[in-house]
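Novice: Here's a structure for you.
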Amino acid sequence: MPPAAPSSPRPVRVAILDHTAELGGAELALLRLLEVVDRERVEPVVVLFSSGPLEERLQRVGQRVVVVPLDPRVRDMGRAVGPLSALRRAASGAAFLHRLAASLRALDVDVVHSTSLKADLLAIPVALLLRKPLVWHVHDRIAEDYLPFRTVRLLRFLARRVPHAVVVNSEATAATLPGARRPTVAYPGLSSEQVAHSGRRLQPEGGPVVGMVGRLSPTKGQLVLVRAARHVVDVRPTTRFRLVGSAAFGAADYERELRSEIGRLGLEADIDLVGFVDDPRGELEAMSVCVHASTVPEPFGQVVTEAMGWGVPVVATRGGGVDEIVRTSPRGSETGLLVDAGDEQALALAVLDVIDRPAEALARASRALADVADRFGIERSAETVTGVWEEAAL
Ligand code: GLC
């Protein structure tokens with residue numbers, strides 16, 4: 001009798017847990033990853049703890065989504081909540097954990113994957129209860145310049161002991177989780193639609209346009225750019241600034257502060273607060289330079305790769321994942337200009353450098369385009385994460 005053909009193993013069933021359905025950086029990265037993941041190897045189901053735009057965006061690309069609602073008091077607790085009160089609230093969410101465990105059991109998942117800090121914590125009891133391997137996907141630097149001291153200690157402690165594996169979005173994030181189990185870097189990759197296929201961009205018509213893309217937040221540093229804008233406009237008065245992004249996650253005070261600083265500096269006619277834009281490529285297209293001004297080291301910095309992928313010259317603040325994205329070799333092979341966080345003078349000078357030396361800026365931008373297309377494709381991220389899931393499911 002001929003040997004029976006080996007039956008191909010069933011795809012790994014992964015439940016991907018996220019506490020939010022808002023479109024933050026981690027969620028946009030997840031969307032792109034799920035668009036390209038090999039469904040013969042993985043069968044992902046996304047489990048959100050509330051409804052929101054992410055749910056609809058996932059469904060639009062044919063991704064299965066389940067919503068297990070969590071009491072908003074637990075879901076929306078600020079990052080500044082200490083681990084004890086976080087645990088107390090999680091305990092009061094026992095009913096939620098029960099429902100979550102029941103849903104995952106019904107889905108018959110092989111691996112539990114959590115992709116936000118709150119989901120990381122809530123996934124622990126559920127994965128233990130179901131006796132399934134847990135994979136943490138960490139998109140935040142677990143450091144005290146960003147999180148309360150006790151939260152940092154708790155997360156680092158847990159990362160060393162509890163998850164089967166920890167996926168991180170950069171080496172910089174990995175460095176904030178010393179001793180984490182099976183750390184694996186999966187850079188949030190660009191989809192092919194995010195990479196412009198013409199290597200050279202023309203300068204936009206009219207005066208130079210300086211843009212920034214990202215939600216309005218003190219940590220993203222729009223205020224630093226507004227102050228730098230005063231210097232730039234003094235030297236090159238036709239320059240216009242466009243801040244793309246809305247005040248998500250309760251930063252309405254920051255938006256007011258920005259508007260009042262724009263007024264104080266007399267820049268109302270020079271700076272536009274554009275608001276949220278679903279697809280920033282149109283904005284990128286119109287930019288002479290894209291600025292990234294984060295005041296604390298950015299865990300990764302997708303906007304930097306997006307601007308580079310679109311051929312836009314970049315000026316960014318050093319630190320975190322940005323140091324892994326932007327190449328700064330002194331032999332003329334650099335791919336962007338870096339400045340220190342919070343240094344508005346240096347930022348203004350770097351922006352003026354791009355405006356005043358367009359040939360050099362465009363040469364850097366075309367090197368950057370080739371470099372990010374080579375190193376930051378979403379297929380590579382999907383392959384890495386799929387490998388982690390397959391290994392966890394063994
Ligand atoms: C988070 C980080 C950001 C990163 C994104 C994707 O939003 O703050 O730096 O680019 O996740 O990993």
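The values are calculated or read from the model by the stated rules, or taken from the named source; none is laboratory data. The shown structure was predicted, so the numbers you read here are calculated from the model rather than taken from an experiment. Ideal geometry is used to build each Cβ from the backbone, glycine not excepted, and the neighbour counts take in all protein chains shown. Quick note on the areas: whole protein, heavy atoms, side chains included, nothing else; ligands and nucleic acids left out. Shrake-Rupley method; radii C 1.70, N 1.55, O 1.52, S 1.80 Å.
Novice: For the chain, with only Lys/Arg (+1) and Asp/Glu (-1) charged at the beta-carbon, what is the dipole magnitude about the Cα centre, in debye rounded to 20?
Specialist: Charge dipole of the chain: 1320 debye, to the nearest 20.
Novice: Determine the gain in length on full extension of the stretch E285-S246; use 0.36 nm per residue of separation and subtract their C-alpha separation, reporting nm with one decimal.
Specialist: So the chain would gain 12.1 nm between E285 and S246.
Novice: Please name whichever of A382, S217, G245 sits farthest to the positive end of the charge dipole of the chain, dipole taken about the Cα centre and charges placed at Cβ: Lys and Arg +1, Asp and Glu -1.
Specialist: It is A382.
Novice: Follow-up. Run the quick spin-label model on S51 and D234: label points 7 Å from Cα toward the beta carbon, then report their separation in nm to one decimal.
Specialist: Modelled inter-label distance: 5.3 nm.
Novice: Describe numerically, in nm with one decimal, the distance between label points set 7 Å from Cα along Cα→Cβ at V66 and at D38.
Specialist: The two pseudo-label positions are separated by 2.6 nm.
Novice: If you don't mind, another one. Would you mind checking which residues have amide H under 5 Å from S217's amide H? H placed 1.01 Å from N; only 5 or more apart, or other chain.
Specialist: Q222
Novice: Given labels modelled 7 Å from the Cα in the Cβ direction, how far is it in nm from R327 to E171?
Specialist: 1.4 nm
Novice: Could you please tell me the mean projected area of the C-alpha convex hull for region 193-375, averaged over all directions and given in square nanometres to one decimal?
Specialist: In nm², the orientation-averaged hull projection of region 193-375 is 9.6.
Novice: If you don't mind, another one. From the phi angles alone, apply the Karplus equation (6.51, -1.76, 1.60; θ = phi - 60°) to region 20-34 and give each ³J(HN,Hα) in whole Hz, x where the residue is Gly or Pro.
Specialist: With coefficients 6.51, -1.76 and 1.60, one gets 10, 10, 7, 8, x, x, 5, 6, 5, 5, 4, 4, 5, 4, 5 Hz.
Novice: Efficiency by 1/(1 + (r/R0)^6): what FRET value for A94 and R131, r their Cβ-Cβ distance, R0 = 25 Å, to the nearest 0.05?
Specialist: Computed FRET efficiency for A94 and R131 comes out at 0.85.
Novice: Jot down the radius of gyration and Dmax of the chain, Cα atoms only, both in angstrom.
Specialist: Values for the chain (Cα only, Rg and Dmax): 22.0, 87 Å.
Novice: Related question: By accessible area of protein heavy atoms, probe 1.4 Å, what ranking do R327, R64, R156, R364 get, highest first?
Specialist: R64, R327, R156, R364
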